[in-house]
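Peer 1: Take a look at the following structure, please.
A short reminder: the numbers here are calculations on the coordinates, not readings from a lab. Note that the coordinates shown come from a computational prediction; the quantities given were computed from them, not determined experimentally. For neighbour counting, all protein chains shown are included, and Cβ atoms are generated from backbone atoms with ideal geometry for every residue, glycine included.
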Amino acid sequence: MLPWLVFSIACVLPAQAQPAPEVLLLEDFPRCMERRLGPVTANVGTVEPSLNTGMRPPSVAYSRVFRQLQRAALERGGDAVVLRGHRADYFSKDSRVPKRPTYIELQGTAIVLRDERPGCRLALLDPAVFEQRARDKQRSESTVNHGTVI
């Protein structure tokens, strides 16, 4: 049993610790863009509580959804992705204000940059700074009742 467990852990850990693809994250379209490849989206998490236990959904990390967005752009053949939209949902059962979202969705446009970029300024997007700005924004409150009526 122990060798099987060690083998399982050895196979799972590298898959979870994948580095981010070499796709640039941009805030705006640069002048050195060769062409647009089309929209890409990425999302992680859930808004709904667990149907079995009623517990709040687990919080999710921005780094994970940014990696998914980069992979989606890479699959379309892009070497950069311009962030076009962002949605983050928070869940709380009590009056406490949640600190981390339980659902994040990012929309972007995959693009190809020219090989020669003299004087081209890229508005690079830092995921950590973006996450902090998103946390600091005012949140709109909405109440959803998931109760059962008999």
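Peer 1: Could you list ARG100, ARG87 so that the one with the fewest beta carbons within 10 Å of its beta carbon is first and the one with the most is last?
Peer 2: Going from least to most buried by this count: ARG87, ARG100.
Peer 1: While we're on this one: Using Cβ counts within 10 Å as a stand-in for footprinting exposure, how do LEU24, LEU51 rank, fewest first?
Peer 2: Fewest-to-most Cβ neighbours within 10 Å comes out as LEU51, LEU24.
Peer 1: Among PRO58, ALA73, THR109, whose Cα sits farthest toward the positive end of the charge dipole of the range 25-136 (+1 at Cβ of Lys/Arg, -1 at Cβ of Asp/Glu, about the Cα centre)?
Peer 2: About the Cα centre, the residue reaching furthest to the positive side is PRO58.
Peer 1: Can you put LEU26, LEU125 in order, fewest other beta carbons within 10 Å first?
Peer 2: If I rank by nearby Cβ atoms, fewest first, I get LEU125, LEU26.
Peer 1: Taking amide H positions as placed 1.01 Å from N in the peptide plane, with prolines and chain starts having none, which residues 5 or more places from HIS86, or on another chain, fall under 5 Å of its amide H?
Peer 2: Placed amide hydrogens put GLN107 under 5 Å from HIS86.
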